[in-house]
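Data block below; observations after.
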Amino acid sequence: MYQLLPPSNRSRQVDLAEVYAYPTGARRWVRANMVATVDGAATASGKSEGISGEADKRIFGVLRALADVVLVGAGTVRAEQYRPTRVREQYQAARAAAGQAPTAAVAVVSRAMDLDWTMSLFTSPAVPTIVLTATDAPQAQVDAATEAGAEVIAAGTGDVDLALAVDRLAERGLGRILCEGGPHLLAQLAAAGKMDELCLSMAPQLRGGDSMRILAGPDLTDGLPLILHSLLTEDGFLFARYLVGGPHGSVAGPGMEG
Ligand SMILES: NC(=O)c1ccc[n+]([C@@H]2O[C@H](COP(=O)([O-])OP(=O)(O)OC[C@H]3O[C@@H](n4cnc5c(N)ncnc54)[C@H](OP(=O)(O)O)[C@@H]3O)[C@@H](O)[C@H]2O)c1
């Protein structure tokens, strides 16, 4: 893997944990991580597997290892048969020093709560899975989730209020949030002004068709400006780390209080 931006010595091994470190002292920071083809497709036959690659998966793993919690939409959990995050030995010392649990919890956003509660994501994670739902969620599903071992947190009525959901996670000490999509959830997060950063893997392929883009939702008024923070490459993939700027974003660069 090479670092293209900021310019770096090409022979130097890229330290992904360093490149993607959360801002020092940030009490809450919402990072999104998505992969898309050059023509913007975020899915291939209903999944992201066909557009991901080896280096992309490596970065995916590092971003999980740095996070307190993985925030994901129920659509992605169903499509990708989500599993719990893994406890990875090599990150234990750093996580303990940062006051983090051995691995990131997963927080699933769902209104309907029509999920398979027998999935290992709910029954046997190393850190209990959270379900973020609305105050008027179906009680039978809330009970089923709780019985399976998940922690149910209500944030908002009707739909989950994502700004409130982020607050609820941060209040629990889960302020380093990694949103893994999907596009419907990410669009709402961006619209709510709650996205601080986008890590985008661009896969060297074209898909055509009508696959979803990384955001599926209403127009973002005036667009959401992004500031390119770093750019890596391997096997023709480009790995960009953007900070959200402008009126929605904090423009709090890594290293600043957030
Ligand atoms: N390219 C990538 O990096 C990437 C990343 C992730 C996913 N994907 C792909 O994207 C597809 C899935 O994405 P998607 O956009 O259809 O689904 P999604 O965003 O993962 O999930 C949508 C679901 O999340 C829940 N939800 C979202 N916002 C909510 C709110 N404000 N309040 C309550 N519930 C809310 C709802 O669940 P309920 O229906 O349960 O109420 C909704 O149906 C899959 O094909 C997956 O493979 C690609």
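The values are calculated or read from the model by the stated rules, or taken from the named source; none is laboratory data. Note that the structure is a prediction, hence the values are computed from the model and not measured. Cβ atoms come from the backbone with ideal geometry, glycine included; neighbour counts cover every protein chain shown.
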### Task
Identify the single condition in (1) out of contact with any Pro (no Cβ under 9 Å at 6 or more places or on another chain); (2) modelled with pLDDT of 95 or more; (3) among the small types (G, A, S) that S120 does not satisfy, given that it satisfies every other one.
(1)
### Task
Identify the residue in the range 152-166 that is touching a residue at least 12 places away in the same chain (Cβ under 8 Å) and in a helix (DSSP H, G or I) and, among all such residues, is surrounded by the fewest Cβ atoms within 10 Å (Cβ to Cβ).
A163
## Note on the structure
Apart from one, (1) of a type outside the set (G, A, S); (2) touching a Ser or Thr at 6+ places or on another chain (Cβ under 8 Å); (3) closer than 19 Å to R78 by Cβ; (4) within 13 Å of the ligand (Cβ to nearest atom) all hold for D159; the odd one out is (2)
### Query
So G181 clears everything in (1) in contact (Cβ under 8 Å) with a residue 40 or more places away in the chain; (2) surrounded by 18 or more Cβ atoms within 10 Å (Cβ to Cβ); (3) over 18 Å from the mean Cα position of the chain (by Cα); (4) within 16 Å of the ligand (Cβ to nearest atom) except one condition, right? Which one?
(3)
### Task
Kindly indicate the residue of the range 184-212 that is in contact with a Phe, Trp or Tyr (Cβ under 7 Å, 6 or more places away or on another chain) and farther than 18 Å from R31 by Cβ and also nearest to the ligand (Cβ to nearest atom) among those meeting that condition.
A203
### Evaluation of A107 against (1) touching a residue at least 60 places away in the same chain (Cβ under 8 Å); (2) within 11 Å of the ligand (Cβ to nearest atom) (one fails), failing number
(2)
### Task
Show the residue pairs that are 6+ apart or on different chains and have beta-carbon atoms under 7 Å apart, the first residue being within the range 59-82 and more than 18 Å from L132 (Cβ to Cβ) and within 13 Å of the ligand (Cβ to nearest atom), the second being assigned to a helix (DSSP H, G or I) and among the hydrophobic types (A, V, I, L, M, F, W, C).
I59/L16
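Scan the range 110-130 for residues that are among the aromatic types (F, W, Y) and part of a helix (DSSP H, G or I) and report the count. Can you show your working first?
Taking the range 110-130 as the starting set, the residues that turn out to be among the aromatic types (F, W, Y) are 117, 122.
Okay, now just the ones that are also part of a helix (DSSP H, G or I), so 122.
Residues in the range 110-130 being among the aromatic types (F, W, Y) and part of a helix (DSSP H, G or I): 1 in total.
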### Query
When only residues in the range 36-55 that are more than 9 Å from the ligand (Cβ to nearest atom) and assigned to a helix (DSSP H, G or I) count, which is surrounded by the fewest Cβ atoms within 10 Å (Cβ to Cβ)?
E54
